[in-house]
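Laboratory data are not the source of any read-out in this text; all were calculated from the coordinates shown. Worth saying up front: this structure is predicted, and the values here are computed from it rather than measured. Backbone-built Cβ (ideal geometry, glycine too); neighbour counts: all protein chains shown.
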Amino acid sequence: GADGYSMAQLTDCFKSGGCAFKGTANYGYSNLGIGMLSIALQGQYRFQNYDQLLRSKFTQTLGLSNTATKDSEQYSRLKPGTAPASVAFGYLQGPKIQRPGQPRMAQLWDQKVAESKIRQPFSGMGVLAGAGGAITNARDMVRLLKVLTGVDRAVMTPAIELASRSLRRGSEIAGSQTNRREIGYAIDEFDMKQYRGISDCSQNLQSVIVKAKGGSTRSHVANIAWVPEKELGLVIMVNRAGFESKINCLSLNLLNQLLDSN
């Protein structure tokens, strides 16, 4: 994984050809691509690391006082069991199946259950932190959501609108062989109704354009989704791994209900 990824590892990846890209007809999200963009911006603005860039150009401007990286002074000293109430350490995903009958498999199952009960330290992506190395909480995400939906206009609103603008057709929507999402700067844009092919999603989703960004680490899962034309959105944050698909559909089902009530 990218946890603790170093500049030496990134350099070796390019030298070995492991980070080479082949041209394709489909666009999709890339941790490496966004991470490289953040490294370039750090150099452009002469910041020593991504945390300085994040605070100076984003979180301070929007008033996101609880959003920083693992390497920040705010979070670097925190350990599981010592965090304030506004911060939730996460947990590994537990077994998806019932306990097997075979002794060896049962032992591995018990081990995974035990590991899933241990609070995990925050994940960090090293030099690729710009691709998802931020630690935050619900208060800050609600503040961000207000700006994304247009409920609150901020100094950064034009930049946010540019970042969330569709650039090109992206990958296929899960559960559909014919419908594709649009892709912006790490933000998906799609017609919510096209998700009807997924069993966890409602079969009666409305036809409305949604912008969304999901993310996950070894111990956390989150999804933020909004409908710009309705100034409506929500954010879901879970401090246990393995809930990506559930969270995505839960977001859409809840958005659908909110649209029905408006």
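Once Rh for segment 84-157 is found with the Kirkwood sum over Cα pairs, what is the Stokes-Einstein diffusion coefficient at 37 °C and 0.692 mPa s, in µm²/s?
Calculated translational D: 205 µm²/s.
Please arrange E73, E189, E231 by how many other C-beta atoms lie within 10 Å of their C-beta, fewest to most.
Neighbour counts put them in this order, fewest first: E73, E231, E189.
Would you calculate a helix-derived [θ] at 222 nm for the chain, using -39,500 (n - 2.57) for each DSSP H run of n ≥ 4 and dividing by the full residue count, to the nearest 500?
-9500 deg cm²/dmol
Rg and Dmax of segment 1-156, Cα atoms, in Å?
Taking only Cα atoms of segment 1-156, I get Rg and Dmax of 19.4, 61 Å.
Just name one of S76, L62, L92: the one whose Cα is farthest towards the positive end of the charge dipole of segment 44-107 (beta-carbon charges, Lys/Arg +1, Asp/Glu -1).
It is L92, whose Cα lies furthest towards the positive end.
Assuming R0 = 22 Å, can you tell me the calculated FRET efficiency for the pair E73 and Q44, based on Cβ-Cβ distance, to the nearest 0.05? Show your work: numbers first, answer last.
Working: r = 24 Å, r/R0 = 1.07.
FRET efficiency, E73 to Q44: 0.40.
If you put +1 on each Lys and Arg Cβ and -1 on each Asp and Glu Cβ, how big is the dipole of the chain around its Cα centre, in Debye rounded to 20? Intermediate values should be presented prior to the final figure.
Values: 31 positive and 20 negative charges, 78 e Å.
Once rounded to the nearest 20, the dipole reads 380 debye.
Just want to confirm a number: the relative contact order over the chain, from Cα pairs under 8 angstrom separated by 6+ residues, in percent. Intermediate results must be reported in sequence, preceding the final value.
On the way: 425 pairs, mean separation 47.9, N = 262.
Relative CO of the chain lands at 18 percent.
Sort all Cα-Cα distances of segment 37-83 into consecutive 5 angstrom bins from zero, then give the percent of pairs in each bin up to the one containing the longest distance.
5, 22, 25, 21, 17, 6, 3, 1
Run the numbers for R104 and R168: contour at 0.36 nm per residue of separation, minus the present Cα-Cα distance, in nm.
Taking 0.36 nm per residue and subtracting the Cα distance, the gain is 18.1 nm.
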